[in-house]
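The next block holds one structure in the form of structure tokens; read it before the comments.
The values are calculated or read from the model by the stated rules, or taken from the named source; none is laboratory data. All of these numbers come straight from a predicted model, not from anything done at the bench. Positions of Cβ are generated from backbone atoms using ideal geometry, with glycine treated the same way; all protein chains shown enter the neighbour counts. Just the protein is used for accessible areas: all its heavy atoms, side chains included, with ligands, DNA and RNA removed. Shrake-Rupley method; radii C 1.70, N 1.55, O 1.52, S 1.80 Å.
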Amino acid sequence: MKRRKFLKNASLSGIGLAIGNSLTNCAETSASKGVSDPLEEASLPLVIATWDVKNATAKAWDILQNGGTALDAVEQGCRVEEANEKGQSVGKGGLPDRDGNVTLDACIMNQNGDCGSVVFLRNITHAVSVARKVMEDTPHVMLAGTGAEKFAIQKGFKKENLLTEASKKSWETWKIKSEYSPIINIENHDTIGMLAIDKAGNLSGACTTSGLAYKLNGRVGDSPIIGSGLFVDNEIGAAVATGLGEEVVKTVGSFLVVELMRQGKTPQEACEIAIQRIVNKPNSNYKNFQVGYIAINKKGLTGSFSIHQWFSMTKFQKGVNETIQSNYFNKDA
Ligand code: GLY
């Protein structure tokens, strides 16, 4: 099922009905869900991304196959989704905040541990590319709001209205009731995160989002926060998050996944432990929100895991571009 279709129709009780026939444990299902076998020799290059984004991974693969860098691959891959007006969670066409403003968050990180990010960026479609310019052309890591927009325009980015008719309509429908309940709403989280290893064996990652739909004006999530939404360590591996950003920030999720891999965990084990960390927090109300991680290690082994069903990872490796349903924690819904 396409993520949008699911998200549109889903309620948490709906998830419960859908997962009733797959009550097997994590260890049993991980292999059948396309997770790398730790003993299998991984093949480079490869790219993975959150959700079903085959056009984006195809773009990244093209670059990698032609000897391009992982950094170029993840930037160009993310740009595909940022330009896709039908996607209402990233770039142009993203759903606005409660006041009708589309505000974007994005970050990028290369094999040297350099990184750049933008938060609360308005009127510029390709937030990931602005983040790359912050990394490469400034002594800073993060630019916000009007400063980020001014910087982007100075760098030649085009100013555009990001609120499409479809997203405006969705917002106007939302405004009738104005129910601001991000905690129980898992519909809004489709951040695109992408991780790649190039032919030279170098890792890079990127992450881009319009964030939580109908959020409070000024709200920023995990996606532009290095260590939360994304972390890359070229010696170990990389991880990226999607889902309710507040919960990812509270556990510094992507950094945690990479550090677990440093301690010897496989990418799959690391993603599962990081999700457990969220679920096991005192008073965790994990039943009412979604978080998902994908990860890759230096050998090219991959993993993905989420709290609830229907999270997926797209992987392009050995010429095959496939979307794989992730295994998940909550089998009781
Ligand atoms: N993970 C995206 C956000 O919460 O904004």
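Summary table
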item: All lysines inside 20 Å of K175 as judged from Cα atoms, apart from same-chain residues fewer than 8 positions distant; result: K8, K215
item: Length-normalised contact order of the range 238-333 in % [C-alpha pairs under 8 Å, at least 6 apart]; result: 26
item: For peptides 126-135, 269-278, 158-167, 225-234, sequence by mean Cβ density within 10 Å, most packed first; result: 126-135, 225-234, 269-278, 158-167
item: Anchor K298: lysines whose Cα lies under 16 Å away (excluding residues fewer than 8 positions away in-chain); result: K199, K265, K315
item: Using a Förster distance of 41 Å, the FRET efficiency for K318-V279 (Cβ separation, nearest 0.05); result: 0.75
item: At most 11 other Cβ within 10 Å, DSSP loop - trypsin sites (Lys or Arg not before Pro), the range 39-130; result: K86
item: Label point distance in nm, A166-L216, each placed 7 Å from Cα along Cα→Cβ; result: 3.0
item: Per residue, in Å², the accessible surface of the range 94-185 once ligands and nucleic acids are set aside, probe 1.4 Å; result: 49
